[in-house]
Amino acid sequence: MNKVIEIRNCSAAYGENKVLDSITLSIEKGEFIVIIGPSGCGKTTLLKMINGLVVPSKGEVAVNGVLLSDSDLVAARRHIGYAVQGAKLFPHLTVEENICYVPGLEKKMPADERRKLACRMLEMVQLPEDIAGRFPRQLSGGQKQRVGIARAIAAKPDILLMDEPFGAVDEITRKGLQEELLALQQKTGMTIVFITHDIGEAFKLGSRILIMKDGCIWQEGSKGQLLEAPRDEFVKKLLDR
């Protein structure tokens, strides 16, 4: 087994508020991990910890066998795609420049190559090619969200971290993006860690589902395992939504 992410007995706090409590988690190459749980349970903090944006107050995180505390985080993040709700695009760059930003850090891209990459990514997230020259202020919220996803996957990262990435899109588009993401993951073998509040989305996408509560991983397993043996009433209610 090839462990690409290892979280070893990690805790995290914001001031006096403990957010994660002694979490241990191993993720294998090619897994599609979906994290679900109520607001404030630590989902986003866990994702940020994998990306080095939150430093654990206790424990250690390793990505591809290297401790983040010993890593050049800027270089490490070039191999980790990160898509969050709200997109957070660079406002002074066009859609094309946003999408090609990380690949352009690795190598200088000729204009025609950059254009082809941007158009390919736009097609994947179901957006027309003619928005490539627009700036983020000229996009709707749903369009910004999809451009953010395109930017996250453009560099073909080994690991893709996604925090409610489909939250701002309509239901029909959301289902299409789910299918595209599954197809991409199956084609590339990319490891994906995905946060959602939608249990249906979790069941559709996750090869393993983590249910979080009070800063802990409360239960984990496949869709079948969770439905067959929910740990308690909290899990039952979460699965019945």
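Tell me which residues, restricted to region 220-235, are assigned to a helix (DSSP H, G or I), open to solvent by less than 100 Å² (accessible area, probe 1.4 Å) and either farther than 17 Å from His197 by Cβ or in contact with a Ser or Thr (Cβ under 6 Å, 6 or more places away or on another chain) (or both).
Pass one, region 220-235, residues assigned to a helix (DSSP H, G or I): 223-228, 233-235.
Still in the running and open to solvent by less than 100 Å² (accessible area, probe 1.4 Å): 223-224, 226-227, 234-235.
Those that are assigned to a helix (DSSP H, G or I), open to solvent by less than 100 Å² (accessible area, probe 1.4 Å) and either farther than 17 Å from His197 by Cβ or in contact with a Ser or Thr (Cβ under 6 Å, 6 or more places away or on another chain) (or both): Gly224, Leu227.
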Go through (1) within 20 Å of Ser26 (Cα to Cα); (2) surrounded by fewer than 15 Cβ atoms within 10 Å (Cβ to Cβ); (3) charged (D, E, K, R) and name the single condition Lys187 misses.
-> (1)
State all residues of region 59-80 that are loosely packed, with under 12 Cβ neighbours inside 10 Å and either touching a residue at least 60 places away in the same chain (Cβ under 8 Å) or in contact with a Ser or Thr (Cβ under 7 Å, 6 or more places away or on another chain) (or both); if no residue qualifies, say none.
-> Gly65
Only one of these is within 21 Å of the chain's Cα centre (by Cα) and either open to solvent by 70 Å² or more (accessible area, probe 1.4 Å) or among the polar types (S, T, N, Q) (or both): Glu129, Glu164, Glu179. Name it.
-> Glu179
Taking first residues from region 116-134 that are on the phi > 0 side of the Ramachandran plot and second residues anywhere that are assigned to a helix (DSSP H, G or I), the pairs with Cβ under 9 Å that are 6 or more apart or on different chains are Gln126/Arg146; Gln126/Thr173; Gln126/Gly176; Gln126/Leu177; Gln126/Glu180
Here the residues within region 90-110 that are at pLDDT below 90 and either part of a loop (DSSP other than H, G, I, E, B) or open to solvent by 70 Å² or more (accessible area, probe 1.4 Å) (or both) are Tyr101, Leu105, Glu106, Lys107, Lys108, Met109, Pro110
In region 202-210, is there at least one residue being assigned to a helix (DSSP H, G or I) and closer than 17 Å to Thr44 by Cα?
-> yes
Regarding Glu16, is this residue touching a Ser or Thr at 6+ places or on another chain (Cβ under 9 Å), surrounded by fewer than 17 Cβ atoms within 10 Å (Cβ to Cβ) and either more than 26 Å from Val147 (Cβ to Cβ) or aromatic (Phe, Trp, Tyr) (or both)?
-> no
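The values are calculated or read from the model by the stated rules, or taken from the named source; none is laboratory data. Nothing here was measured: the structure is a model prediction, and the numbers come from that model. Glycine gets a Cβ as well: all are built from the backbone with ideal geometry, and neighbour counts include every protein chain shown. When the accessible area is computed, the model is the full protein with side chains, heavy atoms only, and any ligands, DNA or RNA have been set aside. Shrake-Rupley method; radii C 1.70, N 1.55, O 1.52, S 1.80 Å.
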